[in-house]
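The values are calculated or read from the model by the stated rules, or taken from the named source; none is laboratory data. Every value quoted in this text rests on a predicted model; they were computed, and no experiment measured them. Counting neighbours? That spans all protein chains shown, and the Cβs are built from the backbone with ideal geometry, glycine included. Areas reflect the complete protein model, heavy atoms only, side chains present, ligands, DNA and RNA absent. Shrake-Rupley method; radii C 1.70, N 1.55, O 1.52, S 1.80 Å.
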Amino acid sequence: DVKQGAKGTLGIYQERLTRAAQRRLSLGLRLREALERQMPEDAPPRDGALSVAYQPQIGRDGRLYGLEALARWTDPELGQISPAEFIPLAEDHGLIDRLGRFMLRRACRDGAGWLAAGLDPGRISVNVSALQMRTPGLERRVARVLKETGFPPRALQLELTETVFLGRESEVLPIFEKLKALGVRLAVDDFGTGYSSLSFLPQLPWDTLKIDRSFVALAVGDPRRRALVTSITAMAKGLDLTVIAEGVEAPEQHVMLQEIGCDVFQGFLFARPMPSNAVPAFCAGIGPGDPPALAR
Ligand code: C2E
Ligand code: MG
Ligand code: MG
Ligand code: MG
């Protein structure tokens, strides 16, 4: 008994909903297959498999501070899928732990390989989702991967968003402490976007704070937003944290962030995320001497 017009609108709406739901379902199944094909985690990449891209992070001296490992997935039929789409999907389908394990092992293995070849990639950062953080045995798994790959714990940094803390204060601290005991560094990612109370910062043993790119993007030419980045940086320094600015795209942003006192810069201005086989040439180019793209 829906009216004719309304029925039409409803029909289109339902069709759209169905298509979105179908894509999610199909992507979920494909992601599961991709992860299964990928097992063991250090199997050579195959068609439709997941891979790791590395985005350089540059220090104030223009030298390489480290690399952030970012998940990449190209489906043979659907093409490249963005992590913004498949990470939440992995969480919903109970696959995030497996994906996280793959990323960790691959990143540590790549890092150890570069070190063995006489190339220092600095710290390698791996993103850990809040859900993954709460799977029991995380620290044991991290310890095992470090031992098996030979990657130095001090060179591994785990990036967590502040949502990890929401309502889980007592649960999360012991996990953080165990990870710290391994020697691993901990970074708060996308800082300022999670609506959490600031008290989570001093309560957990963070080493690094990453200012979200939404602040960086708008700070040039906007004194109020610049004031925000300045305050975040000052606060982080007060807590003895390394400050990384995310999403640095323009030279003016780099200059401003340097003036403010940020320690490390990451963004398209310096380099986009690159496949692992492009890392050695980038590191060689940025080594002692004159870094490319970094004249200023
Ligand atoms: P994130 O951890 O904050 O990673 C930084 C994102 O910003 C990356 O997007 C990177 O490509 C992008 N980016 C870097 N510089 C710039 C810039 O100058 N401008 C702009 N517009 N973007 C820039 P990506 O690779 O698409 O990843 C998106 C998000 O997906 C990540 O944000 C992270 O939250 C999540 N993610 C990616 N890989 C993993 C993973 O292995 N595990 C988990 N749990 N999450 C991951
Ligand atoms: Mg990150
Ligand atoms: Mg981030
Ligand atoms: Mg982000």
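Among Pro88, Pro152, Pro273, which one shows the biggest mean-square fluctuation in a GNM of the chain, springs joining Cα atoms closer than 10 Å?
Pro88
Can you tell me which of Glu249, Glu15, Glu162 moves the most in a GNM of the chain? Springs connect C-alpha atoms under 10 Å apart.
In the Gaussian network model the winner is Glu15.
Would you mind calculating the relative contact order of the range 144-290 from Cα pairs under 8 angstrom and at least 6 residues apart, reporting the percent as a whole number?
Dividing the mean separation by the residue count of the range 144-290 yields 17 percent.
Just Ile286, Ile260, Ile81 to compare: in a GNM of the chain, with alpha carbon springs under 10 Å, which one fluctuates most?
Comparing Ile286, Ile260, Ile81 in the GNM, the peak value goes to Ile81.
How much length, in nm to one decimal, is gained on full extension between Ala116 and Glu85, taken as 0.36 nm per residue of separation minus their Cα-Cα distance?
7.7 nm
Determine the share of the chain's accessible area contributed by carbon and sulfur atoms, expressed in whole percent, with a 1.4 angstrom probe.
Carbon with sulfur: 54 percent of the solvent-accessible area.
Compute the normalised compactness of the chain: alpha-carbon radius of gyration over 2.2 N^0.38 Å, N being the residue count.
Numbers: Rg = 20.7 Å, N = 296, 2.2 N^0.38 = 19.1 Å.
Cα Rg divided by the expected 2.2 N^0.38 Å: 1.08.
Hey, can you find the accessible area per residue of the range 158-247 for me, probe 1.4 Å, expressed in square angstrom?
So the range 158-247 comes to 46 Å² accessible per residue, rounded to a whole number.
Suppose we keep just the DSSP beta bridges with both residues in the chain; what percent of those would be antiparallel, to 5?
40 percent
Quick one: if you stick a label point 7 Å off each Cα along the C-beta vector at Arg24 and Thr9, how many nm between them?
2.3 nm
Report the Stokes-Einstein translational diffusion coefficient (µm² s⁻¹, integer) for the range 129-206, Rh taken as the Kirkwood radius over Cα pairs, at 20 °C with viscosity 1.002 mPa s.
For the chosen part, D equals 166 µm²/s.
Under the definition of Cα pairs under 8 Å and six or more residues apart, what whole-number percent is the relative contact order of the chain?
Relative CO of the chain lands at 17 percent.
Give, in nm to one decimal, the length gained when the segment between Arg37 and Glu77 is fully stretched (0.36 nm per residue of separation minus the Cα-Cα distance).
Gain on stretching Arg37 to Glu77: 12.8 nm.
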